[in-house]
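The values are calculated or read from the model by the stated rules, or taken from the named source; none is laboratory data. Here the structure is a predicted model, which means the values were calculated and not measured. Positions of Cβ are generated from backbone atoms using ideal geometry, with glycine treated the same way; all protein chains shown enter the neighbour counts.
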Amino acid sequence: MISHFLKIALVLGLLQAIGPFAIDMYLPALPSIGASLGASAGAVQASLMAFFISLGLGQMVYGPASDMLGRKPPLYFGLLLFAVGSVGCALAPDIQTLVVWRFIQGLGACAGMVVPRAVVRDLHTGPEAARLMALLTLVFSVSPILAPLFGSFLIEWSGWRAVFWTVTVAALLAVALMATSLEETRSAEQRLDSSVRSALSAYGLLLRDGHFIGLVLIGGFGISSFFAYLANSSFVLIDHYGLTPRQYSFAFAANAASFIGMSQLTGRLIKRFGMRPLVRGSVVGYAGFMLTALLCNLAGLDGMWLMLSLLFAGYGFLGLVLPTSSVLALDEHGEIAGTASALMGTLQFMTGAALMAVVGQFVDGTARPMLAGIAGSALLTLALTYRTLRAGAPAPHQA
């Protein structure tokens with residue numbers, strides 16, 4: 001029989017996977033979407049950026065709503081809105097309409113990104129929360145391993161629009177799963193002190209908390225490097241290196257597998273080294289490999305396998321950073337976990353969308369702009385880590 005702990009991780013991970021699934025499944029289709037709708041690479045990337053912007057902005061609403069109304073009602077609303085947006089994407093006649101519906105789709109998807117993190121904080125803190133967060137990462141990270149491959153088969157079989165019909169069905173199945181397998185974790189008594197005014201006050205408190213913001217941006221710039229890869233890798237690997245969409249899906253899955261595999265070691269490594277030292281050490285490995293990838297490219301070493309190997313190692317270290325930094329950020333804010341999770345998600349996704357926009361201005365058909373964005377994000381993550389989690393500095397509120 002599946003343990004209650006594992007069952008919660010499975011349900012929350014699947015809810016979190018809805019948004020990433022809508023991203024990863026259509027990555028192999030980006031070049032073909034451009035050809036089908038007569039759009040440039042930049043215009044097609046705008047559909048991805050619109051999704052990320054709404055994914056970030058919407059969390060500012062869903063987080064406080066989950067504190068005021070409970071965790072489940074915002075999830076129901078978000079999943080149904082996501083389904084409506086997915087139908088709109090499937091029927092889009094041009095790239096402008098696709099961008100608009102992707103924005104609406106993202107507004108729905110962000111409920112599944114923010115609320116499960118708050119549920120984790122409702123149930124656990126410290127190492128147990130990190131363990132549950134890592135299991136969530138394992139479940140929802142199956143998406144970047146399987147979704148591009150599944151998407152490439154769908155695209156070959158029925159075209160890129162089939163991707164959006166598929167995620168519509170997935171959203172409706174997620175509604176049924178939540179209704180039957182997830183209990184409400186925020187009691188009516190806990191909701192009494194939550195209101196729009198208290199949410200605004202909580203946002204003000206969080207924005208003044210330098211330690212919280214530092215931890216959020218550590219994760220934010222780490223995620224940004226993956227966003228740069230998401231937006232550009234299909235064009236680099238398919239158009240520049242000549243991979244087929246299916247071969248691309250395997251290359252993409254390899255980096256995701258590295259991230260997932262390492263993230264599952266967080267619970268064990270935290271017990272041995274502690275959360276703060278683990279983040280510091282992992283960020284050094286992450287930044288080192290990403291900077292090496294850029295330097296090799298600048299030196300004229302433009303081999304695909306060298307680049308993919310260095311990214312594989314770098315994203316493995318990032319798999320240790322993200323779950324741990326998220327738990328550290330939320331640990332001090334259990335009473336406003338939904339709002340704190342929302343602000344975290346908004347800042348992280350907006351950081352990622354901004355980096356995508358910057359890298360998009362320098363796209364030249366090679367891997368260099370993508371690698372520059374990844375390495376720049378990694379170096380900023382390193383600088384923020386050593387400013388926020390200095391060795392020997394006491395944790396906030398620590399006696």
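General observations
- Residues of the range 254-294 that turn out to be in a helix (DSSP H, G or I), over 20 Å from L306 (Cβ atoms) and not hydroxyl-bearing (S, T, Y), as a count: 19
- Flag for S224 being within 22 Å of G373 (Cβ to Cβ), in a helix (DSSP H, G or I) and touching a helix residue (DSSP H, G or I) at 6+ places or on another chain (Cβ under 6 Å): yes
- Residue within the range 307-325 that is assigned to a helix (DSSP H, G or I) and farther than 28 Å from A147 by Cβ present: no
- Single unsatisfied condition, L230 versus (1) in contact with a Leu (Cβ under 7 Å, 6 or more places away or on another chain); (2) outside any helix (DSSP H, G or I): (2)
- Every pair of residues 6+ apart whose Cβ atoms lie under 7 Å, when the first sits in the range 367-385 and is closer than 14 Å to G285 by Cα while the second is of a type in the set (K, R): T385/R280
- Residues of the range 254-275 that turn out to be of a type in the set (S, T, N, Q), buried (at least 19 other Cβ atoms within 10 Å of the Cβ) and either at pLDDT 80 or above or over 16 Å from the mean Cα position of the chain (by Cα) (or both), as a count: 2
- Annotation: E183 fulfils all but one of (1) under 18 Å from the mean Cα position of the chain (by Cα); (2) part of a loop (DSSP other than H, G, I, E, B); (3) not basic (K, R); the unmet one is (1).
- Selected residue [within 18 Å of M113 (Cβ to Cβ), of a type in the set (F, W, Y) and surrounded by fewer than 24 Cβ atoms within 10 Å (Cβ to Cβ)] from F77, F52, F21: F77
- Check on R186, at pLDDT below 80, surrounded by 13 or more Cβ atoms within 10 Å (Cβ to Cβ) and in contact with a Gly (Cβ under 6 Å, 6 or more places away or on another chain): yes
- Residues of the range 1-43 satisfying the condition of being over 22 Å from V169 (Cβ atoms), modelled with pLDDT of 80 or more and not in a helix (DSSP H, G or I): G38, A39, S40
- Verdict on A90 being surrounded by fewer than 18 Cβ atoms within 10 Å (Cβ to Cβ) and hydrophobic (A, V, I, L, M, F, W, C): no
- Boolean, A174 is of a type in the set (G, A, S), at pLDDT 85 or above and farther than 27 Å from T244 by Cα: yes
Let's see how each residue does on (1) under 18 Å from S54 (Cα atoms); (2) touching a residue at least 40 places away in the same chain (Cβ under 8 Å):
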position	(1), (2)
P73	no, no
V84	yes, no
A90	no, yes
V99	yes, yes
C110	yes, yes
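- Taking the conditions (1) within 23 Å of the chain's Cα centre (by Cα); (2) under 24 Å from N297 (Cβ atoms) in turn, M178 satisfies each one other than (2).
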